[in-house]
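A short reminder: the numbers here are calculations on the coordinates, not readings from a lab. Computed from a predicted structure; not experimentally measured. Counting neighbours? That spans all protein chains shown, and the Cβs are built from the backbone with ideal geometry, glycine included.
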Amino acid sequence: MSLLNPWALLLLPLALVPFWLRSLQGQRYSWLDMVPEDPFSDNIVLLFKVVTAVIIASLVLALAAPQGSDKVVNRVGKGAQTVMVIDRSVSMDHPFAGDATSGRAGEIKSGAARRLITQFIDSRPDDMMGVVAFTNSALYGVKITANRDAIHAAINAATSAGINQTNIGAGITQAASLFDSIQSSGSRAIILLSDGAGKLSPRVKARIREELRDKDIKLYWIVLREPDDVSIFGDRVFEEDRGPAAIQLDRFFKSLNITYKAYEADNPVALQMAIQDIDSREKHTIQYAITVPGRDYARDLIVVALVLSLGMFVIKNFRVKAWESA
């Protein structure tokens, strides 16, 4: 057992205050010999003091926040260790093209990404996930964890507004570094979601190649296309290091000799289909350990103090009135 606030134990002597104070309740007599002894009442008063001391001690110990020992639990499930790498550039706040016949704009890219990624997370209870966002640099979201509340909070932050820059290299290298602090469960993957592709320097390319190969990380890239963007699946051939940035980045990813697959989505339905395909591919038997926090005894101590306080309140307000003579 450990104490989160051990300094609170300095207040523990306050539990002796009830024994120091004397009750003034009752009547005053000029000569005590005329009052018969009342051991029952004396014992009740002593009991009240003891209970009051226990209440004070319980509150002090609750303030010290005693915690039980953490437990490590091994789990086996279907899934993967995944890091979501999400573009937070300002263009992610633009809507999809929408339906030209309806006259309405499509859903905001970041909003669709948040909605569909949340569904993806909720449908994979055995996954361990991390989150990294990027604009002009990588933005740490959350480490690889099974805590769904932390993952959801990081996704909400990663799909909020950003600035007008796209540094994919920083996002990928930051995501790869998250695997350093966790043992491999059998399947590792990075899901890159962006609507653009910046150029990578030779140094960044070398680091990405080393990180993904050495750690055996799969890479999935979902490109959120604008209507006039060049498709990475088009038939047009560009020279080496020439052409649109997305074409060059796709060519670089293919040269890594890792498991890599790219998708294009110009509407929420296509984005959903891409995520569903990744979901079907990343369902492997995985083993991992999670840490279960120890019992929080502070709540139990507060309940004890509350129950004793209510009991004292009831007893102290209970009176037996003598029958009046007729």
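If R₀ is 25 angstrom, what is the calculated FRET efficiency for the pair Lys78 and Glu210, using the beta carbon separation as r and rounding to 0.05? It comes out at approximately 0.25. Only Lys, Arg, Asp and Glu carry charge here, each on its Cβ (+1 for the first two, -1 for the last two); on that basis region 72-290 has a dipole of about 600 debye about its Cα centre.
Let me know the longest stretch in the chain that avoids all chymotrypsin sites (Phe, Trp or Tyr not before Pro) found in a DSSP loop with at most 13 other C-beta atoms within 10 Å. Show your work: numbers first, answer last.
Details: sites that count: Tyr29, Trp31, Phe233, Phe238, Phe318, Trp323.
That would be 32-232.
Structure remark: mean-square fluctuation, Gaussian network model of the chain, C-alpha springs under 10 Å; the largest value among Ser41, Ser255, Ser185 belongs to Ser41. Which one of Ala150, Ala64, Gln81 has its Cα pushed farthest toward the positive end of the charge dipole of the chain, where Lys and Arg give +1 and Asp and Glu give -1 at the Cβ? Positive-end residue among those listed: Ala64. For Rg and Dmax of the Cα atoms in Å, the listed values are [x] 23.7, 83; [y] 19.8, 68; [z] 32.6, 117; which was obtained by calculation from the structure presented? Read-out from the structure maps to [z]. Exposed loop sites, defined as GluC sites (Glu not before Pro) outside DSSP H, G, I, E and B with at most 12 other Cβ atoms within 10 Å, are absent from the longest region of the chain, namely 38-238.
For the chain, the membrane-span-like helix rule (DSSP H, alpha carbon extent of at least 27 Å along the helix axis, mean Kyte-Doolittle at least -1.0) picks out 39-64, 297-316; this says nothing about an actual membrane. In region 72-290, the DSSP beta bridges split such that about 35 percent are antiparallel, to the nearest 5. Of Asp42, Asp300, Asp126, the residue with the greatest mean-square motion in the GNM of the chain, using alpha carbon springs below 10 Å, is Asp42. Rounded to the nearest 0.05, the FRET efficiency derived from the C-beta distance between Ser69 and Val230 at R0 = 56 Å is 0.45.
As a check on your grasp of the helix formula, calculate [θ] at 222 nm for the chain: sum -39500 (n - 2.57) over DSSP H runs of n ≥ 4, divide by the residue count, round to the nearest 500.
-12000 deg cm²/dmol
Remark: region 75-92, residue by residue, has Karplus-estimated 3J(HN,Hα) of 10, 10, x, 10, x, 6, 8, 10, 10, 8, 10, 10, 5, 10, 6, 5, 5, 5 Hz, where x stands for each Gly or Pro and the curve is 6.51 cos²θ - 1.76 cosθ + 1.60 at θ = phi - 60°.
Report the residues of region 67-99 in range of a label on Met273: point 7 Å along Cα→C-beta, backbone N strictly under 19 Å from it. What the label zone holds, given the 19 Å backbone N cut-off, is 96-99. Residues Met128, Met92, Met273, arranged from fewest to most other Cβ atoms within 10 angstrom of their Cβ, appear as Met273, Met128, Met92.
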